[in-house]
Every structure is written in structure tokens, then in C-alpha cells.
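Read the structure below first, then the notes.
Every read-out reported here was derived from the displayed coordinates using simple, explicitly stated rules and does not represent laboratory data. As the structure is a computational prediction, the values presented were derived from the model and not from experiment. Positions of Cβ are generated from backbone atoms using ideal geometry, with glycine treated the same way; all protein chains shown enter the neighbour counts.
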Amino acid sequence: MPKPIPFDSLVLMKTVEDAQAAVGKFVKKLSQRDANSLLIHCGGGGARTALLISVLPRLPRFHVCADLAQSRELCGFGRALKERCDNGLIVRIEQKSFDRIVEIAIRTRTDEYLLVAELFGPNANAYLLDSQNRIAARMRRAGNKAVGQIYASVESAVSDFESAVRSGVGLSAFLKQEVALRGAEEVIGLAASGPPVFSPTLGAYPFFPKQFEGEFFQIADTTSEAVEAFADAAVRFDQTDQIRSALVSRLERTYEAKLYALNQMLAALDAEKRAAEFQMKGELVLAHLHEAEGASKLHVSGYDGGEIEIALDVNKSPVENAEAYFRKSKKSRHGAAEVRSLIPSRKKELEEMRSLIDALVGAEAEALARLRGLAESRGWLHFGARQSDEKQRQFEGKKIRIARDAMGYAILWGENAEANDFVSRKIAKPNDLWLHIRANTGAHVIIQTGGRPERVQTQTLLAAAKIAVANSAQKHSKNVPVDYTLAKYVRKPKGSPPGTATYTHEKTVYVDGI
């Protein structure tokens, strides 16, 4: 698709001509659609007129506005203009030479102000100048012209449109191309006679652009009408695109989290194969109690006749070491059986998520709303989401987030020190699992175990550890140690700052940051 038609000096020249209807009228009202725009409602003596100034970097513009919709209170610039110029008389609206600058002179009972809009793309801005040419307010915090300074005017390359077209100086690249295709005299004639045209996707211009021959354009009564029609379509497209991008981003994060969880579940199935090995090692330790006494390793013949090495904990008796292997065997079998029943539905869910994400590409507003509703109904937009107002009341307004892993376990964490205290001291039950990165600042994370911490599988523990790292000072590091223990072993030292905790009986896992 070709680049959109720019709001260049010629377009501004024609919209300034349209705006002459506001000269001699009074500023009756000011309103805004967003922080980068201002609507000046003019009345008194005939039909009302509205002027729109927008310094939106992607689409700066000035034109007479027919759509007077407004959606927000006045920002600082709007309030400054209202305070000084409310009910002021508009005495002049001019384009500065042949440049993308428009000046609106407003006379009040006590002073005269100049509203200057510089429509230079990313550097677009609007300024309110007092009678001493001092900047009283600016719309954007952009550029080097600050409030309180004397306004330094921009020097224009040429003084008028016809001189610019004939000399080729001070023209936009778009207008230069039109002059090259049509010749200077034809362009000058078309600029005077029109008719103005617009395309919802390509832009608006005072006459049909020959470089877009073959494209469909609609005719408008005025250049302002053409610009407004294109801008409204472009803003709607931008809003839809922003919603689409944000939705895809959230779904991709959820998809990756669920895919990670599925891979961990598949890894749990591999662990099932080791259940028989753990069972055998436990039995062999019992069969060799004497050799296992006080040893860190046991070398014996396995059931197939080959020699195997069995690691032992020297702080445990041989019987206790055997029992530990039996527990590992039981846990592996139990976890694998539970996981196996969930894998088909998890795979199907991932396929459905991928289909929905693919469908979002190019989806228009109506389809986008339908797909968002589907994602919402499936709970795919709530991964790691901040809680509802009702839940926040339950958490006493603390900034606490919650996620659920593929096994259905709730994982909660705090977003600041006070929330960390609340998670550890108010929410966590004695047998919930508590996690924190080792020897550094980060979130307190808990896994709600329902009083059965022994049933929590490795994939759930690793998912919580990833959250702990992602919400820590080491979020971009590799192989970060994360300690975990039962919440009953976590203490807050008396008189210590919020978020401080000490703990015992910890174990450690290592995970990568984001």
C-alpha cells in the first residue's frame, strides 16, 4: 500500500481558507477528544463554527470540524486557553508564509493572545503566546520551546504557494511529485478549483493526486471535510490496531505460559519412567542396610546384574534413605497419572488459542470484539492479571496479582513491599509453598497447596519460581537461585521494614529470567 498523503503546507493553506468563517466570532467553548487535540467552538454572528487543532505526532492537522464529539476534560493547555481567552474575539487566522504553521489571534477585553500550531509531524506542538510574545502554555512537552520563554518563530523557505510551486522550494515530497506529473500551472489551477478528495486509507488532498491514479477517492465539499473524514477513519484504525496488538500480546504471553506448563507436564511423564528405578533403589538400600550405614553412596548389583550407584543422605539412617526413595517413586507415579489425564485437553486448548491468535490478524472492530469476548470467556486474558475490585477489597487494596498454572494451582505475589507482607502474613497458610529469589530484592510468591504441599508437582514449582524471578531485581539474569519453603517457616523480624522476611528449611531451584 502507498504511503498516506501528508498534511502538508498546501492542505493547511486550504483548511485555513475554510477557517476564515470563524474570524469575527467569539470563543464560546473549548473541548478535547484526547490530550493532543483541542476543539475551539466559535459563535456569535451567524452559524457556529468549530476549529480542530491536533498535534498527534502521526497525524497533526488543523481544520474546520463538523464532528463536535468530545470525550475528556480539558488538559493543562486547554485550561490555560480557557482561563485567558474564553469569550475572546478571533480577529485573525493565517498560515505563516507557506509553511505548516497556523496562527490564530484572539483579542480579549484585557489582552491579545496568539495561538500558534506548528504541524511538523513528530515535533508537532501548539503554543499560547501573550502580547509580549511569551509562551504562556504549550500542548505537548516536546521540543525546546518552554513555558515562560519568548517564542522564536520558525523561518519559512518561501512566502507564498505559487512561488513555492514555480520554484520547487518549500514543497513536500508529495507535492513535488504532483508538480512533476502535472506541471506547476496545472497544480496551481487545481489547488484553486479542486475538488477536494479523500480516501479512508490513503489520505485527503485539495485535488485528486495523479500519483494515485486508479485508486478510489471520494469527493468532499471542502478540504477540511476531506481531512476530517480521513482522520476519523485513521484514528478508528489506530484504535483498532492498538486494541488488536494489546490483545495479541496478552494472548501470546498466556499461550507461552500454557505451552511451558504443558512441556513440564510432558516432563512429568518422563519422570514416571523413573518411578520403578526409585522403587528398586529403595529396596536395594533395605537389602544392604549394613553397607549403607553412614555412607554417602552405595554400589550394589541391580536386578539386571549390572552395578548401580545409589546416592544416600549421610544425615539419614539407611531405612530413612530407603523411605525417601519410596516416596519419590510414589510421587512420580501419582503425579504422572494426574498429568496424563490433563494433557489431551491442554493440547486442544493450545490449538484453539493459536487459531484465535491467528484469526486476530487483520480482524476489524466487529470481529475483534467477538474474538476478545471468546478469549475472555475462556479465561485467557486473566493470566497474571490484577484482581477485581471485590478481590482487592479482600486484599485490603494491596497490589497483589494471581495466576493459575496448568494444574490449577493458584500462585499469588505482591507488587510492592506492603503487598509482599500481606501475601506472606495474611494470605499464606502454614502449608502453602513460599518462594523468593535468594539474597536479593523481589516479590514474595506463594503457591496455595490446600494443605497438601507434597502433591505440588515440579512444573508448578518452576512456574512460581519464574514469577519470582520476573518480579525481582534479577529478572534479566540467567540461572537465578530461587529458594522455597513452607510458609510456616517464614518470619518477619520485629521492627523490620515492610517486605523483609527470614526463612528456614529452604530448598533451591534455578530458573532463567525473562
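Per-peptide packing, taken as the mean over residues of other Cβ atoms within 10 Å, places 153-164, 340-351 in the sequence 153-164, 340-351 from highest down. On full extension, the segment bounded by Arg58 and Asn133 gains 24.2 nm, given 0.36 nm per residue less the C-alpha separation.
Within a straight-line Cα-Cα reach of under 30 Å, Lys348 can be paired with the following lysines, leaving aside sequence neighbours fewer than 8 residues apart in one chain: Lys258, Lys273, Lys330, Lys331, Lys466.
Any idea what diffusion coefficient the range 9-138 gets from Stokes-Einstein, in µm²/s, Kirkwood Rh on alpha carbon pairs, 25 °C, 0.890 mPa s? It comes out at roughly 170 µm²/s.
Charge dipole of the chain (Cα centre as origin; +1 on each Lys and Arg Cβ, -1 on each Asp and Glu Cβ, all else neutral): 1820 debye, rounded to the nearest 20. If Lys and Arg each add +1 and Asp and Glu each add -1, what is the summed charge of the other residues whose beta carbon sits under 13 Å from the beta carbon of Phe208? Result for the local shell: -2. Each of the peptides 202-212, 139-149 was scored by the mean count of other Cβ atoms within 10 Å over its residues; in descending order, highest first, they stand as 202-212, 139-149. Estimated from the Cβ-Cβ distance and a Förster radius of 35 angstrom, the FRET efficiency linking Ile188 and Ala47 is about 0.70.
Hey, quick one: spin label on Phe237, modelled 7 Å out along Cα-Cβ, who in the range 1-32 has an amide N within reach, i.e. under 15 Å? Those under the cut-off are 1-7.
If you take all other residues with their beta carbon under 14 Å from the beta carbon of Tyr303, and give Lys and Arg +1 and Asp and Glu -1, the sum is -3.
Assuming charge only on the beta carbon of Lys and Arg (+1) and of Asp and Glu (-1), the dipole of the range 389-511 about its Cα centre is about 140 debye to the nearest 20. Other residues within the sphere of radius under 14 Å centred on the Cβ of Lys28, judged by their own Cβ, net out at +3 (K and R +1, D and E -1). Each of the peptides 373-380, 301-308 was scored by the mean count of other Cβ atoms within 10 Å over its residues; in descending order, highest first, they stand as 373-380, 301-308. Dividing the summed -39500 (n - 2.57) terms of all DSSP H runs of n ≥ 4 by the residue count of the chain sets its mean residue ellipticity at 222 nm at -12500 deg cm²/dmol. The amide H of Asn471, built 1.01 Å from its N in the peptide plane, has Ala443 as neighbours under 5 Å, considering only residues 5 or more places off or on other chains. For the range 410-458, the direction-averaged projected area of the alpha-carbon convex hull comes to 3.6 nm². By the rule of a C-alpha distance below 18 Å, with chain neighbours fewer than 8 residues away ignored, the aspartates and glutamates paired with Lys14 are Glu94, Asp99, Glu103, Glu118, Asp160, Glu162, Glu178, Glu185, Glu186, Asp221, Glu225, Glu228. In this simple spin-label approximation, Arg491 and Arg92 carry label points 7 Å from Cα along the Cα→Cβ vector, and these lie 7.9 nm apart.
When His41, His444, His476 are sorted by how many other C-beta atoms sit within 10 angstrom of their C-beta, beginning with the fewest, the order is His476, His41, His444. Nearest 10 degrees, 0 to 90: what angle lies between the long axis of helix 365-377 and the longest principal axis of the chain (Cα atoms)? With rounding to tens, the tilt is 20 degrees. Over the chain, the pair-distance histogram of Cα-Cα distances with 10 Å bins from zero comes to 3, 14, 17, 15, 13, 13, 10, 7, 5, 3, 0 percent, rounded to whole numbers. The slack in the chain from Glu283 to Gln20, taken as 0.36 nm per residue of separation less the alpha-carbon distance, amounts to 85.0 nm.
With the alpha-carbon atoms of the range 241-377 aligned to their principal axes, the span from lowest to highest coordinate is 75, 27, 23 Å, starting with the largest. Farthest towards the positive end of the charge dipole of the chain, among the residues Asn321, Gly362, Tyr409, is the Cα of Asn321, using unit charges on the Cβ of Lys, Arg, Asp and Glu. Assign unit charges at the C-beta atoms only (+1 for Lys and Arg, -1 for Asp and Glu), then state the dipole size of the range 9-138 relative to its Cα centre in Debye, rounded to the nearest 20. The calculated dipole for the range 9-138 is roughly 220 debye. Residues whose amide H falls under 5 Å from that of Val480, counting only those 5 or more places apart or on a different chain, are Val511, Asp512, Gly513, with hydrogens built in the peptide plane.
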